1. Explain nothing, just the number: relative contact order of region 26-114, from Cα pairs under 8 Å at least 6 residues apart, as a whole percent.
2. Taking the mean number of other Cβ atoms within 10 Å as a proxy for protection, how do you rank 32-38, 58-64 from highest to lowest?
3. Could you tally the net charge around Ile142, taking each other residue with its Cβ under 10 Å from the Cβ of Ile142, Lys/Arg +1 and Asp/Glu -1?
4. Can you check what the net charge comes to around Leu103, using other residues whose Cβ is under 12 Å from the Cβ of Leu103 (Lys, Arg +1; Asp, Glu -1)?
5. Under the 0.36 nm per residue contour assumption, what length would be gained going from the current alpha-carbon distance of Leu103 and Phe191 to full extension?
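Coordinate-derived values only; no laboratory data. On a predicted model such as this, the values are computed, not experimentally measured, just so you know. Here the Cβ positions follow ideal geometry from the backbone for every residue, glycine too, while neighbour counts run over all protein chains shown.
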Amino acid sequence: MKKLVLTLALLTAGTSLAAGQARPAASRLGDLQVGATYSVANPDFGVTYIRGFGVYSDFDFLRHIGVEVDFRQLNDPDDAQPNRFFQRSYEAGGRYFWRFGRLKPYGKALYGRGQFSSPPALIQNQLEVGEPAYPEIATNMIDLGVGADFAVQSHINIRVEGEYQKWFSSHYPLDHGLSPTMINFGVAYHFPPGKPRR
């Protein structure tokens, strides 16, 4: 009887160990990267182009789906005055991506808030007519973009993307809204996957 009980105990322990070894060695919740961009844009108002910087973060939590948050500050490079022309945006939304080895092309749709500032000289003609003008405006916006991330190293990704933004406003000088377009060049740190679960 003792031998039978001992045999059953050993078989049970062996089965538990075998099941434990059959579990996945590691489980990653998703891919996270944080990066910075250099941007050149057509602001759709006042000047030919603006340029500046941005920061972004992506968290890809499903096979083809992730989320992104962006901040961007773009200025008129020919104006060094304190009240210079600029466009600033804060955005968040989703993205859909594919994987081809080190290359990850994607499309994204973001929603956020845009801030626009224009020196009085750019709207002086409208001010002389006597109509109300708002040299600084904050408004809601959407952002559609396509691009690709490329892993140059396990922890470093580079990015090239194009964006189309739509700003919604009923105030001059943006009384018909605003539709900036831009090209962004970025580099990001890719955080490694989590440690294996025991």
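1. Numbers: 183 pairs, mean separation 19.0, N = 89.
Here the relative contact order equals 21 percent.
2. Listed from highest to lowest mean packing, they are 32-38, 58-64.
3. So the environment of Ile142 carries a net charge of -1.
4. Charge balance in the 12 Å sphere: +3.
5. Using 0.36 nm per residue and subtracting the Cα-Cα distance, I get 30.0 nm.
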